[in-house]
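One structure is given below, encoded as structure tokens.
Values in this text are rule-based calculations from the coordinates and carry no lab data. All figures in this text were calculated on a predicted structure; none of them were measured in a lab. Reconstructed Cβ throughout: ideal geometry from the backbone, glycine too, with neighbour counts over all protein chains shown.
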Amino acid sequence: MLDQAFNSAGFQYIPPGFYMNEQIAPTVEDVKKQYDTELVRDGDSLRKRAYMKLYWERASGDIRLADSQLYFQTHASNHLDGGKPRQFKVMNKTIIDVPVIQQILSKNMALVEQYEPLKTEETLTIGLHFIRYLVDERKASCSSPPWLHRDDEPLVFIHLIYLADTAIGGDNLIASGKDMQVSHVIRLENELETLVLNRNVYHAVTPLGSRKNIATRDILLFTVEPAHTQLA
Ligand SMILES: [Fe+2]
């Protein structure tokens, strides 16, 4: 799936059926419950989040918690918040025992294992960013950074966990790496709809608004990078 065509296009849509089955589906609710209780407000934004850093070993296929749970992003990739290590709330580690999270980990890493640009890397860092955008009709909940950018990580999976019917906006924009013209607008609406990006395209998410009362958009950002690129 993450083949040469993906490499040059820079993005790929993955339908929910790639991850979902009868056993998995009900456990998405368990993830949502953890979003309700575990996430904390991200500064003064209208977002809540928690983070977890894992290591994956190619030789054994083992996945383990990283000792340091600090998150580093360069200034180049995020003018707003980059350039300094950030300590997010560390996600309750029971989340990785939830079957749908297990499934996402195993399906994604099976793709990553075969992904040509990372094939020489023996250890990869997996970043799990659990993010909830939360807004009422008087405000807008923005992503950070707010407009077109490229992430530091060579691969980023954006998994939709939940989108309220009352939500407006929250659309993914894809722009050419050459001229930064927006070429695609992709709306993830259904549970486990997924978009994968590499660094050949720029991307952004439009601000989330609400038609009525509180609207939420829950996503899991699943980032993959060589282990040496995150500072200890
Ligand atoms: Fe991004």
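Based on C-alpha pairs under 8 angstrom that are at least 6 apart in sequence, segment 4-226 has a relative contact order of 28 percent. Mind checking Rg over Rh on segment 44-158, alpha carbons, Kirkwood formula for Rh? Checking Rg against Rh, the ratio lands at 0.98. Calculated on the Cα set of segment 1-104, radius of gyration then Dmax: 16.5, 43 Å.
Taking each DSSP H run with n ≥ 4 as -39500 (n - 2.57) and averaging over every residue of the chain yields -4000 deg cm²/dmol at 222 nm. Across segment 187-195, rounded Karplus estimates of 3J(HN,Hα) from the backbone phi angles (6.51 cos²θ - 1.76 cosθ + 1.60, θ = phi - 60°) give 9, 8, 10, 9, 3, 6, 4, 9, 10 Hz, Gly and Pro being marked x. Ordered by the count of other Cβ atoms within 10 Å of each Cβ, fewest first, Tyr133, Tyr13, Tyr162 give Tyr13, Tyr162, Tyr133. As a ratio to 2.2 N^0.38 Å, the alpha-carbon radius of gyration computed for segment 87-143 takes the value 1.56. Close amide H contacts of Tyr19 (hydrogens built in the peptide plane, cut-off under 5 Å, sequence separation of 5 or more or a different chain): none are found. With distances taken between every two different alpha-carbon atoms, the chain has a Kirkwood hydrodynamic radius of 18.0 Å. For segment 114-232, the Stokes-Einstein estimate of translational diffusion at 37 °C and a viscosity of 0.692 mPa s comes to 215 µm²/s, using the Kirkwood hydrodynamic radius over alpha-carbon pairs. The calculated FRET efficiency for Leu148 paired with Ile214, based on their beta-carbon distance and R0 = 25 Å, is about 0.35.
Using 0.36 nm times the number of residues separating Gln114 and Arg86, minus their current alpha carbon distance, what extension gain do you get?
Values: separation 28, 0.36 × 28 = 10.08 nm, distance 3.07 nm.
Result: 7.0 nm gained on full extension.
Just rank Glu38, Glu191, fewest to most, by other beta-carbon atoms within 10 angstrom.
Details: Glu38 17, Glu191 20.
Placing the least packed residue first, the sequence is Glu38, Glu191.
For segment 56-112, the mean projected area of the C-alpha convex hull, equal to one quarter of the hull surface, is 5.4 nm².
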